[in-house]
Amino acid sequence: MYTELLRFDKERSESLQRWLTGLPSSTLAGWLMDTAMRDDSLRVVLRCEQAQAAAGGFDVVALREAIEHFTGNLHAITWRESSDFGRRLNSVVGLLSRALDRGHSSAVIELCEFALHRTELAAMGIQDSEYWSDHVRDELSALHLRACQMAKPDPVALATRCFQLRIHSDLGWFDHFPRDYYELLGPSGVATLERLLTESVESSQPDKISRRHLDVGLARLRQELEG
């Protein structure tokens, strides 16, 4: 999230934080604005946070637009810039983390799913030479699980959405489901997964390549459920 700050050792980081805490808010605001005028990512984050405050603490539309911003514009990115693009996505993790800390767990669940899907598409669209996507995937997946543990969503709806996300994931970005979610799914969620699995195996698929990909994913999921 604070990539440059991580270069400091713990003692220097704590010292810097104490110093910043003692500065006048007007000074900090001025520095932030100066930096935001040169840093597009920071400017998007600040505008999104401003929208959250204006909406009384939560603005799902602004968050969704910020996710679209950070995961889009792939046509202008080359493999040389892919690691910088990955670092920008830490802003998505930060925005969703703060929304979750403010208690908006139900909305964060679906926003995480949206962000994971968009980020997977981004990873497919540019060369991931620095493996930035692994870090982002892990961070967003952990946030999704945490939000589910807080919100305790309807297990049938959760099973249905995440089943579709998993079997249509070209990079296996949802393979942690349902492994980490059994307690949340309960009997009704697991039964839903089994029904969806059976229906998908029996359904017709005209695209043979997609069918082979789907068959492999379904077979793996079947093994997990039976194990």
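No value in this document is a laboratory result; all are computed from the given coordinates. Fair warning: this is a prediction, and the values are worked out from it, not measured in the lab. Reconstructed Cβ throughout: ideal geometry from the backbone, glycine too, with neighbour counts over all protein chains shown.
The residues packed around GLN50, meaning those with a beta-carbon under 14 Å from its beta-carbon, carry a net charge of 0 if Lys and Arg are +1 and Asp and Glu are -1.
Other residues whose C-beta falls under 13 angstrom from the C-beta of GLN149 contribute a net charge of 0, scoring Lys and Arg +1 and Asp and Glu -1. Counting beta carbons within 10 Å around each of HIS135, HIS104, HIS144, HIS69 and listing the fewest first gives the order HIS135, HIS69, HIS104, HIS144. Ranking of LYS10, LYS152 by neighbouring Cβ atoms within 10 Å, starting from the fewest: LYS10, LYS152.
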